[in-house]
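Notes follow the structure.
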């Protein structure tokens, strides 16, 4: 079994900031917009190096989406930046009408997603954004797992034609993927080979799935871990191939179980290969204030709960 380790922890939002900085040097059509959270979104370097291509719109997220849509008409590639809650829930109408409906080439980049936002509490901890965005026709939805993957994804979406929702977070998490990786939109990554159960994880839960697989291996259970960074379009082939071998699956995400990755997998399996499945996700609830570690434990978004769900789903085979 491949053993993943890490030497440092970095926040995924910094991967976005560094990717945006690199893009700014490569392509003069890259522009950035922020809703009064330049530091939090790690957009300061882009602003410093390209002040003529940076637009601070203030606390006016809906206006930011409209401006971004308009900039695409002149051939610009806008990257918007604010918290995930304000990137989706607050501006869903503008995204639907001005960006998704007309297929505008806007990159909606959202930090501080999920309950790992921590002490800011339920009003900021959006857990339904993936569902909201994946239901928009033509919208690509990406949820990255570490600094390196977030940086690679930020660079890759600039070449993708059409609207993209890129979701990442605030806490420092293990950096364990290849710094020189080639990010392919819509292509999952098999992290470990296994025969007994398929673990399909996204975002911060990829590391937790890898940690769970180590313990399971010691207990005689062989887990195949798949990193699904692109929720839409979903890599159906990698999931179906794995599940046809293992016969059961556990999905893991920092999102409500309604509308997220797990439901996309359930639909895929019901149409092609009905298979026992367990969900690691929040259970139709809002979050609360606490440290990221405390909240991940309380809501069962950790390796310990993944192990429990694996043992449960194996019994259902």
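The values are calculated or read from the model by the stated rules, or taken from the named source; none is laboratory data. This structure is a prediction, so every number in the text was calculated from the model and none was measured. Because the Cβ atoms are built from the backbone with ideal geometry, glycine has one as well, and the counts that use them run over all protein chains shown.
A few comments on the model shown:
- Set side by side, the residues 287, 300 differ, and just one is touching a helix residue (DSSP H, G or I) at 6+ places or on another chain (Cβ under 8 Å), assigned to a loop (DSSP other than H, G, I, E, B) and surrounded by 15 or more Cβ atoms within 10 Å (Cβ to Cβ), which is 287.
- Exactly one residue among 77, 73 is more than 25 Å from residue 118 (Cβ to Cβ) and under 22 Å from the mean Cα position of the chain (by Cα), and that residue is 77.
- Qualifying residue in region 253-264 (condition: more than 18 Å from residue 167 (Cβ to Cβ), modelled with pLDDT of 95 or more and under 20 Å from the mean Cα position of the chain (by Cα)): no
- As for region 78-92, it holds at least one residue that is surrounded by 18 or more Cβ atoms within 10 Å (Cβ to Cβ), more than 25 Å from residue 122 (Cα to Cα) and assigned by TED's automatic domain parsing to the domain that holds residue 141.
- Residues that are in a strand (DSSP E or B) and closer than 19 Å to residue 62 by Cβ, drawn from region 26-52: 31, 32, 33, 34
- Subset of region 1-21 (residues that are out of contact with any helix residue (DSSP H, G or I) (no Cβ under 6 Å at 6 or more places or on another chain) and more than 13 Å from residue 146 (Cβ to Cβ)): 2, 3, 17
- Taking region 190-238 as the range and being under 24 Å from residue 299 (Cβ atoms) and assigned to a helix (DSSP H, G or I) as the test, the residues that pass are 205, 206, 207, 208, 209, 210, 211, 212, 213, 214, 215, 216.
- Among residues that are surrounded by fewer than 20 Cβ atoms within 10 Å (Cβ to Cβ), under 27 Å from residue 71 (Cα atoms) and under 13 Å from the mean Cα position of the chain (by Cα), residue 186 is included.
- Considering region 135-179, the qualifying strands (runs of 3 or more DSSP E), each wholly inside and each with 1 or more residues that are in contact (Cβ under 8 Å) with a residue 40 or more places away in the chain and buried (at least 24 other Cβ atoms within 10 Å of the Cβ), run over 140-143, 164-167.
- Top-ranked residue in region 93-120 [being at positive phi and modelled with pLDDT of 95 or more; ranked as surrounded by the fewest Cβ atoms within 10 Å (Cβ to Cβ)]: 103
- Exactly one residue among 102, 98 is farther than 26 Å from residue 207 by Cα and not in a helix (DSSP H, G or I), and that residue is 102.
- Residue in region 259-272 that is touching a helix residue (DSSP H, G or I) at 6+ places or on another chain (Cβ under 8 Å), surrounded by 14 or more Cβ atoms within 10 Å (Cβ to Cβ) and assigned to a strand (DSSP E or B) present: no
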